[in-house]
Amino acid sequence: MGDGIYWPTFFFLLFSALACGFALAVVFSRNVVRMAFYLVMSLASTAGLFFLAGEDFVGAMQLMIYVGGTLVLLIFGVMLTSQKQFVEMKTPAGQWIVGLVTGCALVALLWMAAFETPQWQPISRAEAEAVAVQPTATPIGVALTNGRVDQLDQPDETLRGGMSSYLLPFEIVSVHLLVVLIGAAYLARAKRRSPSAAAPG
Amino acid sequence: MAEFLANYLPAWLAYMVAGAIHVGLIINLVAVGALVFIWLERKISGRIQDRLGPTRVGGKFGWLQTLADGLKLLTKEDLVPGGADKMLFRIAPYVSFCASIAAFLAIPFAGGDYPFIVQHVNTGVFFVLAVLGLEVFGVILAGYASASKWSLFGAMREAAQVVSYEVPLGLCAVVPVMLAGSLDLVVIGDVQQGWFTNWLIFHDPATFLIFWVYFTCATASVNRAPFDLAEAESELVAGFHTEYSGLRWSFFFMAEYGSMFSVSLLASILFLGGWNGPLPITEWLGLTAANGDIAWYIGQVLGVINVIGKAVAGVCVMMWIRWTLPRLRIDQVMATCLKYCTPLAAAFFLGAVAWQWSLPGRTFFGLLESPAELQSVSEGWSDATAAATDEDEPEASEDQTVSSEPSRKVAAAKLTGAAALQIASTNLQGGK
């Protein structure tokens, strides 16, 4: 034991290198569909990182929502709107600068958050091996319907009432999405002129 | 397995070998499965059309026909059209194939305490559905990169079709999840133990009907006739794989047959009892964990045969449908999904909920008592009803009133268990 390759570290490095590499490829690629492809690979590598951390549910969510949904729609948009065979995009210098500033600001923020949160300090390999992997969907499901199991230790009695569940936010979000769907269907519906109305074309 | 190998090998090597064996088995299952299914498709189509199908290669029944085809495909020239986006064109078949194989990572082949599964994913149903949706990406890439109008038409149709059919497919898969109280495919299979009357398809009329909706949507989402609009030989030459030849072309077909197999496996686990045969033969013969490891292992292998048999039967039904029904038009395909499958799935889902709410603890259309495994889930239902009528207090606060250290430990330990509903009900009982 001890010697040789420690696979979690190896796969973490592999997946993070893939995610970063493909993310850079998105930036430097000019062909829109290739960009979409690289973006899919980058997001899928991120899903790999989630699976590696034992967060199956979050990983599957990442695959379903980002890799599956968003990019199919993106490609739809590209295919339906492109005028030429293979769309090439040239980025003007101004956009490079704006993008660089925004990106660097975000990286700096995340960097500070990641390295200055005490709970997120790196732990030794022995400690990491001692951590039991918990199934992830169960606490999430319970938190949605009953109460937050991660907050059972909350010492303040008055705060516990607010920790009951995520049902209300979930409901609000779903109603919001329903409104968006109805709006999209309304906007996209075939516009037929009724024969009686003399509406101008 | 890695722990077992670690007795003989260094730990890092043991993990690698164990992983390689798992992956090797899965790839073999998909590849050999594709070989068998392609042969089966030829035979079935032949018989349906009053022909014999392949008869000569490999002695009887032409059972080596697919291998001969494979050799032929290997020797074909690997063509790339001049106007194509070469990198994407080359990569697209592998994307499809990878997505098709990855679904098998979370599909169990036998249940119990030590299920036969590559990676025991806590949210197996969700994972499989998420990964199956990715196969379309390879098809879209292929259609776009081919620089051919036929390919692009095929890819567009496939994208529209698969994205729409994921909605009713997910709605149908939710019903067994609700009845079993878990997203874990192993748990869903295990609650259907015993006689075939415990299979979730026979749970109530709504599940019986929703199974057929699921099967329709599954056929459509793996792009099989009568929903094979992406290929549509009569209109689009060959659709998204018009420009492909040789091995790359065969990768698309391996992916298609792999997905057919995985949605059929999913159907057999969700609705048809999974690894539990129609009769509890393994229990009669004593092939359970109580009678030693060897008996248990034989029982598990019988379970594998069971689940694969059901899945192959599902694939055969898909072939039967393919050679029986004419292809739909694209607007008919979309109407089938949005006007029929989705509302039907939603209505049957509500029907299953209402049935389970009014008749908890019954199975086989309400005629029989549920087995113990399903009882624990339905207890959660009756408890929830009781709690709703008794008091409006949220259950979490009840839990916290008894939040002494040991009970919290118990609650945390229960979280490693399978079903969220079960946990809710047991927590509730602890609170009383």
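Can you name the condition, by its number, that B:HIS120 falls short on among (1) buried (at least 24 other Cβ atoms within 10 Å of the Cβ); (2) touching a residue at least 24 places away in the same chain (Cβ under 8 Å); (3) at the interface with chain A (Cβ under 10 Å from one of its Cβ atoms)?
(1)
Which one of A:PHE22, A:PHE15, A:PHE37, A:PHE76 is part of a helix (DSSP H, G or I), modelled with pLDDT of 85 or more and within 14 Å of another protein chain (Cβ to nearest Cβ)?
A:PHE22
Here are some conditions: (1) closer than 29 Å to B:PHE127 by Cα; (2) surrounded by 14 or more Cβ atoms within 10 Å (Cβ to Cβ); (3) without any contact (Cβ under 8 Å) to a residue 12 or more places away in the chain. B:GLY314 meets all but one. Which one does it not meet?
(3) is the only condition that B:GLY314 fails.
Residue-by-condition table, conditions (1) under 30 Å from B:GLY239 (Cα atoms); (2) at pLDDT 85 or above; (3) crowded, with 24+ Cβ neighbours inside 10 Å:
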| site | (1), (2), (3) |
| --- | --- |
| B:GLN161 | yes, no, no |
| B:SER164 | yes, no, no |
| B:PRO168 | yes, yes, yes |
| B:LEU171 | yes, yes, no |
| B:ALA180 | no, no, yes |
| B:LEU183 | no, no, yes |
| B:TRP195 | no, no, no |
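Any residue that is in contact with a Pro (Cβ under 6 Å, 6 or more places away or on another chain) and within 27 Å of B:ALA110 (Cα to Cα) - is there at least one of those in the stretch B:208-220?
yes
Residues checked against (1) under 17 Å from A:ILE140 (Cα atoms); (2) within 14 Å of another protein chain (Cβ to nearest Cβ); (3) modelled with pLDDT under 65; (4) out of contact with any Phe, Trp or Tyr (no Cβ under 6 Å at 6 or more places or on another chain):
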residue: A:GLN154; (1), (2), (3), (4): no, yes, yes, yes
residue: A:GLY162; (1), (2), (3), (4): yes, yes, yes, yes
residue: A:PHE170; (1), (2), (3), (4): yes, no, no, yes
residue: A:LEU177; (1), (2), (3), (4): no, yes, no, yes
residue: A:VAL180; (1), (2), (3), (4): no, no, no, yes
residue: A:GLY183; (1), (2), (3), (4): no, no, no, yes
residue: A:ARG189; (1), (2), (3), (4): no, yes, no, yes
residue: A:ARG192; (1), (2), (3), (4): no, no, no, yes
residue: A:PRO195; (1), (2), (3), (4): no, no, yes, yes
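Please verify whether the stretch B:287-297 includes one or more residues that are closer than 30 Å to B:ALA84 by Cα and of a type outside the set (Lys, Arg).
First pass over the stretch B:287-297, keeping only residues closer than 30 Å to B:ALA84 by Cα: none.
Taking every residue of the stretch B:287-297 in turn, none turns out to be closer than 30 Å to B:ALA84 by Cα and of a type outside the set (Lys, Arg).
Is one or more of the residues making up the stretch B:287-307 at pLDDT 80 or above and at positive phi?
No, the stretch B:287-307 has no match at all.
Can you find, within the stretch B:23-55, the residue that is farthest from the chain's Cα centre (by Cα) among those that are among the basic types (Lys, Arg) and part of a helix (DSSP H, G or I)?
Per the criteria, the residue is B:ARG47.
Select, from B:GLY19, B:GLY58, B:GLY82, the only residue that is part of a helix (DSSP H, G or I) and either at pLDDT below 80 or among the small types (Gly, Ala, Ser) (or both).
Details: B:GLY58 fails: part of a helix (DSSP H, G or I); B:GLY82 fails: part of a helix (DSSP H, G or I).
After ruling out the rest, the residue left standing is B:GLY19.
Tell me which residues, restricted to the stretch B:161-217, are within 13 Å of chain A (Cβ to nearest Cβ), over 15 Å from the mean Cα position of the chain (by Cα) and β-branched (Val, Ile, Thr).
B:VAL162, B:VAL163, B:VAL167
Give the stretch B:147-160 a look and list any residue that's within 11 Å of chain A (Cβ to nearest Cβ) and more than 24 Å from the chain's Cα centre (by Cα), or say none.
Hits for the stretch B:147-160 are B:ALA147, B:SER148, B:LYS149, B:LEU152, B:PHE153, B:MET156.
Would you pick out the residues in the stretch A:55-67 that are in contact (Cβ under 8 Å) with a residue 24 or more places away in the chain and within 9 Å of chain B (Cβ to nearest Cβ)? Before the answer, list the steps.
Quick first cut of the stretch A:55-67, residues in contact (Cβ under 8 Å) with a residue 24 or more places away in the chain only: A:55-58, A:67.
Hits for the stretch A:55-67 are A:ASP56, A:PHE57, A:VAL67.
The values are calculated or read from the model by the stated rules, or taken from the named source; none is laboratory data. The model shown is predicted, which means the values in this text are computed figures rather than measured ones. All Cβ positions, glycine included, derive from the backbone under ideal geometry; neighbour counts span all protein chains shown.
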